[in-house]
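The structure under discussion appears below in the form of structure tokens.
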Amino acid sequence: MEELVKSKSGKKFVMKIILNKSKCIGCGSCQVICSQFFELSEDRKSHLKGAKRGFGDKKEELIVKKAGCIQEAVEICPAECIKMVEN
Ligand code: SF4
């Protein structure tokens, strides 16, 4: 059985990752620290692997059951364009 993300209270839930591409400066840090989920695309903006594109390609979203390295990517991103929210 897959391990779901846990909150500080211990509750388990599914997370949604939101990448705001319009704020991305293309530094590549997310790809380095979390290549499982992030890669730089041809436009030198980060791309969330497997994400649906939307909002005029300004944002990408992906539902995940495991946080893995995503929290580290959220923390390292200098432009604060990666968010992880409860879905
Ligand atoms: S760490 Fe942030 S600014 Fe840098 S490429 Fe990734 S999403 Fe863009």
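Any chance you could count how many residues in segment 23-39 are assigned to a helix (DSSP H, G or I) and within 13 Å of K83 (Cβ to Cβ)?
Here is the first cut: in segment 23-39, the ones assigned to a helix (DSSP H, G or I) are 23, 29-33.
This time we only want the ones that are within 13 Å of K83 (Cβ to Cβ), so: 23, 30.
Residues in segment 23-39 being assigned to a helix (DSSP H, G or I) and within 13 Å of K83 (Cβ to Cβ): 2 in total.
So, in segment 68-83, of the ones that are surrounded by fewer than 19 Cβ atoms within 10 Å (Cβ to Cβ) and touching a residue at least 40 places away in the same chain (Cβ under 8 Å), which residue ends up nearest to the ligand (Cβ to nearest atom)? Filtering first and then ranking leaves A79.
Taking the conditions (1) surrounded by fewer than 15 Cβ atoms within 10 Å (Cβ to Cβ); (2) modelled with pLDDT of 95 or more in turn, N87 satisfies each one other than (2).
Taking the criterion of being within 8 Å of the ligand (Cβ to nearest atom) and not aromatic (F, W, Y), the residues of segment 34-48 that qualify are L40, K45, S46.
The values are calculated or read from the model by the stated rules, or taken from the named source; none is laboratory data. Predicted, not measured: the structure shown is a model, and the values here were computed from it. Don't worry about glycine lacking a Cβ; one is built from the backbone with ideal geometry, like all the others, and counts go over all protein chains shown.
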